[in-house]
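What follows is calculated from the coordinates using simple rules that are stated; it is not laboratory data. From a predicted model like this one, the values you see are computed outputs, not experimental measurements. In this analysis, Cβ positions are derived from the backbone assuming ideal geometry, glycine residues included, and neighbour counts consider all displayed protein chains.
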Amino acid sequence: MSQSLEVEWTEERAIAALEENQQIMIPGLREQAAGQRVYVEHEYAQLKGVILGNPESMYLPDPFHPSWYTSFRSLPREKLDWMAANRGKHVRDIDPELFEKMSKGLEALADTYRQAGAHVIQNTTPPPAEVINYTSGWLGQYGKHWAFHAQAFGETFGNVLLNFHETQPSIRYNCVEYVEAFMGLVENDPEAVWLSMPDPLPLPTAFGAALSPGDIRIFPNKLVVVGHGVFNRADIQDTRKPRSSGNELGAEVLRRILKPFGWRVEQIYFDANYGYHIDTLMPVIREGLIAVNENVLLTDLPAEINDWERINIDPDEYVIGAGNSVALSGQAQAVTAGATSYIKDLESRGVDVVPVPFDDVYHFTGSGMHCATFSYWREED
């Protein structure tokens, strides 16, 4: 399914392109935002609108590129070697069965959201070559497009739609495929504010003011918790040591962006040997209840949530995505189907669980349902 990018422009082609004046990149994507609102109260408010990624946008990265390896180093060696051997190729072309499982998982997730009453915006057609090769200019031939995981596009804080640039190179600009969806959302909601985090440095080991949406958990009363993963507790005090994803400067930039809108940003640290994003390790279930393995957090949570009850997630279920569940509301969670112990713990506390076949997706990518979901509308009725 790979496409080549036409790089040889002539004056005749330039004139023809300007006369054509093409204004649409993904037909129909902008229109999918009709009637939608941009507003997120907190992580478990009623889910009303999401953007999902595209199974047609799955080109394997180079796992040994330094900026990818920071996140991928905890994956099994055989998986790293397989990805390296197939870097730059579309998943469909190297493993049709895996592609089918991942596509079906995304379809099931979309159905789950619709059945919960949420509107789903999604592109399922192959993106143009300009998108596929957007980052290959500085990453080389293997730096192609990956937009299966829509949460990498950004995060929503109240009515602030904030685009992020992931620390991993080939998904730093994966939101370009969905720019028209953001345009549609802003057009339909006159109160929406559309902002962006700083651009990353195009270097393999220097991210700049980096932050990923996966580094963030949103709590009531406009509290944002940013989690930094470190591989040794002693590294907390040394900001020169690698973080598993974003960094302290990125969190500080986020704090300054959100402060005028009344939001507060607090930073915590976790053991990155369990996972590279806090959203893969600590789901927020409802008022007074989170889930996280007892050994994951290395520092306290902010005082107002530090005494919340904690479901202890089994590390064996982290590897299939238990910690990446999605709140449909404060009473219901979408959970990867294989996380049976976690599901029982939720149900014993009165939480309605909707199992979704996403185990294979997480096992392959290290990212699950929450990573696949950009929530732009969460609001209590």
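For the range 280-290, the Karplus equation 6.51 cos²θ - 1.76 cosθ + 1.60, evaluated at θ = phi - 60°, returns couplings of 8, 10, 9, x, 9, 8, 6, 4, x, 9, 10 Hz by residue, with Gly and Pro reported as x.
Sparsely packed loop sites in the range 186-264 (the trypsin sites (Lys or Arg not before Pro) outside DSSP H, G, I, E and B with at most 15 other Cβ atoms within 10 Å) comprise ARG240. Of all DSSP beta bridges confined to the chain, the antiparallel ones make up roughly 45%. Under a Gaussian network description of the chain, with springs only between Cα atoms under 10 Å, the residue in TRP68, TRP194, TRP82 that fluctuates furthest is TRP82.
The GluC sites (Glu not before Pro) found in the range 254-342 that occupy coil by DSSP, while having at most 11 further C-beta atoms within 10 Å, are GLU294. Per-residue 3J(HN,Hα) values for the range 124-135, derived from phi via the Karplus relation 6.51 cos²θ - 1.76 cosθ + 1.60 with θ = phi - 60°, read 10, 9, x, x, x, 4, 4, 6, 4, 9, 4, 9 Hz in sequence order (x marks Gly and Pro). In the chain, a dipole from Cβ-located charges (positive for Lys and Arg, negative for Asp and Glu) runs towards its positive end, and of LEU109, GLN23, LEU249 it is LEU249 whose Cα lies farthest in that direction. Applying the Karplus relation 6.51 cos²θ - 1.76 cosθ + 1.60 with θ = phi - 60° to the range 30-36 yields 3J(HN,Hα) values of 4, 5, 5, 8, 4, x, 9 Hz, where x marks Gly and Pro. For the range 32-378, a simple Cβ point-charge model (Lys and Arg +1, Asp and Glu -1, everything else neutral) yields a dipole of about 520 debye relative to the Cα centre.
Excluding LEU161 itself, calculate the net charge of residues whose Cβ lies under 10 Å from the Cβ of LEU161, where each Lys or Arg counts +1 and each Asp or Glu counts -1.
Spelling it out: positives minus negatives among the neighbours equals -2.
Across all C-alpha atoms in the range 316-376, the radius of gyration and Dmax reach 10.8, 31 Å. In this simple spin-label approximation, THR299 and GLU20 carry label points 7 Å from Cα along the Cα→Cβ vector, and these lie 5.1 nm apart. How would you classify the range 188-241 from its alpha-carbon gyration tensor, with a ≥ b ≥ c the square roots of the eigenvalues: rounded for a/c under 1.5, else prolate if a/b is greater than b/c, otherwise oblate? Verdict is oblate for the range 188-241. Under 5 Å from the amide H of VAL356 lie the amide H atoms of VAL335, THR336, ALA337, each residue being 5 or more positions distant or on a separate chain, with H modelled from the backbone and absent for Pro and chain starts. With bins 10 Å wide beginning at 0, the percent of Cα pairs of the chain falling in each bin runs 5, 25, 36, 25, 7, 2, 0. Per-residue ellipticity at 222 nm from helix content only, as computed over the chain with -39500 (n - 2.57) for each DSSP H run of at least four residues, stands at -7000 deg cm²/dmol.
A full extension of the chain between GLU309 and LYS79 corresponds to an added length of 79.3 nm, given 0.36 nm per residue minus the alpha carbon distance. Build a GNM of the chain with springs between Cα atoms under 10 Å apart, and of GLN46, GLN267, GLN115 the one that fluctuates most is GLN115.
Binning all Cα-Cα separations of the range 208-349 at 10 Å, short to long from zero, yields these whole-percent fractions: 12, 43, 35, 10, 0.
Please give the net charge around GLN36, taking every other residue with its beta carbon less than 13 angstrom from that of GLN36, where Lys and Arg add +1 and Asp and Glu add -1. Result for the neighbourhood of GLN36: -1.
In this structure the amide hydrogen of GLY366, modeled in the peptide plane, comes within under 5 Å of no amide hydrogen from residues 5 or more places off or on another chain. Average 1/r across all pairs of distinct alpha carbons in the range 10-52, invert it, and you get the Kirkwood radius: 14.1 Å.
Compute the orientation-averaged projected area for the range 198-284 from the convex hull of its Cα atoms and round it to one decimal in nm².
Hull-based average projected area comes out at 5.8 nm².
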